[in-house]
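Asker: Supplied in structure tokens, the structure appears directly below.
The values are calculated or read from the model by the stated rules, or taken from the named source; none is laboratory data. Bear in mind the structure is a predicted one, so any value in this text is a computation, not a measurement. Because the Cβ atoms are built from the backbone with ideal geometry, glycine has one as well, and the counts that use them run over all protein chains shown. The protein model used for the area step is the full one, side chains on, heavy atoms only, and it has no ligands, DNA or RNA in it. Shrake-Rupley method; radii C 1.70, N 1.55, O 1.52, S 1.80 Å.
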Amino acid sequence: MRDFTVLGIETSCDETAAAVVRGRAPGPGKILSNVVLSQLEEHKAYGGVVPEIAARAHVEAIDTIIEAAIEEANVSPSTFDAVAATAGPGLIGGVMVGLTTAKALSLGWGKPLIAVNHLEAHALTARMVARIEFPYLLLLISGGHCQLLAVESVGQFRLYGTTIDDAAGEAFDKAAKLLELPYPGGPKIEVLARKGNPKAFPLPRPMKGREGADFSFSGLKTAVRQIAKSAAFADTDRADLAASFQGAVIDSLVDRVGAAMTMFRNEHDRPLATLVVAGGVAANGAIREALTALAKERGFAIEIPPPALCTDNAAMVAWAGVERCQLGLFDSLGCAPKARWPLASLSTS
Ligand code: KG4
Ligand code: ZN
């Protein structure tokens, strides 16, 4: 079986990104280029991502970013086996920019198009980094999603648990706002938490011990708000509150992943099971450490891609393209961008 070379494009949120990846499943693959332009500055003043600003910034940057990715990879478009772009879920204006550009390139170069689900791209990233066989247990923790799934094959996912309110990254971003830290708050909370005592404030551990593997973070956010807004709360308490919040998120994640490990083992009787962690929140060092300890305790191997491949990037989209290309899973030029596109629906789409 030969290697496949795919150009990937990612524009579903506030990163304009393009990458060229070469390889074949089950991995690992080789990243020939990975260019990411963050729009952080454009959105800074608004404390979050403004969809219209994001879409316009994608339009302005996309051509240059793709050119840079092709140049850095030092390949000719004639060597591409396909052009892959995120087709959802995400901010629809941005998704349209990336997908439409991919369609134009696909048509112009005469290469097949692959419409990639952003969540599947996060889910498969670990196979670009290391050789990991299906099935594996996946914890997907990002700004918009918080899910535990069995990844059975490309396009085949079984959902064990999801959040009943906020996503983990959203909880980090909201807690950061209460601590007057700029968006995106996750990385800033992580830094501040290093200087604090995680036991300083007793915060709830949402869903801990509950049946199933669902998550909830809104009660934790409310508890953080009550403390941060109380008259007694001093500036010097901020690091302690950041550490206590992060500690509560970690305890909750560890409990829920532990429950999903039992579900996975009951369904997949195999000597070596692997836990894969993906999505922006998987860039957090303390979370990586806690999940690594849990995996060791429960006899799971663990794979967490390096932080730059956990947050949004186009290499993951290109790799999802490689996997789909290898299986002959191409899409028509008429395929539509999707604001919502749950992973569990992929198997039937
Ligand atoms: O996967 P991602 O880049 O975009 C989405 O698809 O959502 O994830 C972004 C999320 C944001 O909520 C951000 O605050 C969070 O990931 N994040 C982190 C860290 N780095 C990014 N959360 C906690 N600790 C971090 N180091
Ligand atoms: Zn993402």
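Asker: Give the residue that is nearest to ligand 2 (Cβ to nearest atom), with candidates limited to residues of region 166-179 that are outside any loop (DSSP other than H, G, I, E, B) and either open to solvent by less than 10 Å² (accessible area, probe 1.4 Å) or touching a residue at least 60 places away in the same chain (Cβ under 8 Å) (or both).
Answerer: Only one residue tops the list, namely Gly169.
Asker: Specify the residue that is farthest from Arg270 (Cα to Cα); the eligible residues are those in region 293-338 that are hydrophobic (A, V, I, L, M, F, W, C) and assigned to a loop (DSSP other than H, G, I, E, B).
Answerer: Step one: filter region 293-338 for residues hydrophobic (A, V, I, L, M, F, W, C), giving 293-295, 300-302, 304, 308-310, 314-320, 322, 325, 327, 329-330, 333, 335-336.
Still in the list and also assigned to a loop (DSSP other than H, G, I, E, B): 304, 314, 327, 329-330, 333, 335-336.
Working: Ile304: 21, Ala314: 33, Leu327: 25, Leu329: 28, Phe330: 32, Leu333: 41, Cys335: 38, Ala336: 39 Å.
Checked region 293-338; the qualifying residue farthest from Arg270 (Cα to Cα) is Leu333.
Asker: Hey, can you tell me all the residues within region 137-165 that are surrounded by fewer than 21 Cβ atoms within 10 Å (Cβ to Cβ), under 20 Å from Asp255 (Cα atoms) and not aliphatic (A, V, I, L, M)?
Answerer: If we filter region 137-165 for residues that are surrounded by fewer than 21 Cβ atoms within 10 Å (Cβ to Cβ), which is where we start, we get 144, 150, 152-156, 158-159, 162, 164-165.
Restricting the remaining residues to those that are under 20 Å from Asp255 (Cα atoms) gives 150, 158-159, 162, 164-165.
Those that are surrounded by fewer than 21 Cβ atoms within 10 Å (Cβ to Cβ), under 20 Å from Asp255 (Cα atoms) and not aliphatic (A, V, I, L, M): Arg158, Thr162, Asp165.
Asker: Please count how many residues of region 46-88 are touching an Asp or Glu at 6+ places or on another chain (Cβ under 9 Å) and of a type in the set (S, T, N, Q).
Answerer: 1
Asker: Here's another thing I want to ask about it. Does Ala278 meet the test of being touching a residue at least 12 places away in the same chain (Cβ under 8 Å), in contact with a Leu (Cβ under 6 Å, 6 or more places away or on another chain) and within 16 Å of ligand 1 (Cβ to nearest atom)?
Answerer: Criteria met by Ala278.
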